[in-house]
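See structure below.
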Amino acid sequence: MATALKNLSDYTSDHFPDISEKRFGLVVAEWNRAITDTLCQGAYETLLKHGAQPDNIFRNTVPGSFELGLGAQLLAQHEEIDAVICLGVVIKGETRHDEFISHAVAQGLMNVGLKFNKPVIFGVLTTENEAQAWDRAGGQHGNKGVEAAVTAIHMLGF
């Protein structure tokens, strides 16, 4: 469903598993940092709201969204990490770079999840412009970081 038709922060917590002992890795791109920090805050607060312990949430930064795959892999390889949430922003520019970056990030994160048999969540905004990114980072369409954390929680109960 298109984000314009749904608020990313709307969800039901029915059937959430107990995450009080689960450990989460957050991998956050530094490119577009104001936006990614907002996504990270949404994810972090959502995890706490549903029982995660602050000492069990680890934030790591990578330079940009392209590096999220390796950042996720470096965390996912640790047995004690139960889920990895990757947060970034790819904004379309004058060239087609966004297509290549977005595809590479999606494929990379999927590969990491399959390799380590644990949730690796794609919390990456892929927007036409910065205004759309802000709309999805706590603006009129909610916060993709919240959605990413909820997805991680759901997957841990799978």
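The values are calculated or read from the model by the stated rules, or taken from the named source; none is laboratory data. This one's a predicted model, so the numbers in the text were calculated from it and none came from an experiment. Heads up, the Cβs are rebuilt from the backbone with ideal geometry, glycines too, and the neighbour counts pull from every protein chain shown. Accessible surface is based on the protein model in full, side chains and every heavy atom, while ligands, DNA and RNA are left aside. Shrake-Rupley method; radii C 1.70, N 1.55, O 1.52, S 1.80 Å.
Out of the residues in the stretch 14-39 meeting the condition of being in a loop (DSSP other than H, G, I, E, B) and touching a residue at least 40 places away in the same chain (Cβ under 8 Å), tell me which one is nearest to Gln132 (Cα to Cα).
Asn32
Among the numbered conditions (1) over 18 Å from Asn60 (Cα atoms); (2) assigned to a loop (DSSP other than H, G, I, E, B); (3) of a type outside the set (Ser, Thr, Tyr), tell me where Ile81 comes up short.
Here Ile81 meets the rest and fails (1).
Which condition number does Phe58 fail, the rest of (1) open to solvent by 20 Å² or more (accessible area, probe 1.4 Å); (2) closer than 17 Å to Leu109 by Cα; (3) in contact with a strand residue (DSSP E or B) (Cβ under 6 Å, 6 or more places away or on another chain) being met?
Condition not satisfied by Phe58: (2).
Can you name every residue in the stretch 121-158 that is closer than 19 Å to Leu109 by Cα, in a strand (DSSP E or B) and touching a residue at least 40 places away in the same chain (Cβ under 8 Å)?
Gly123, Val124, Leu125, listed by residue number.
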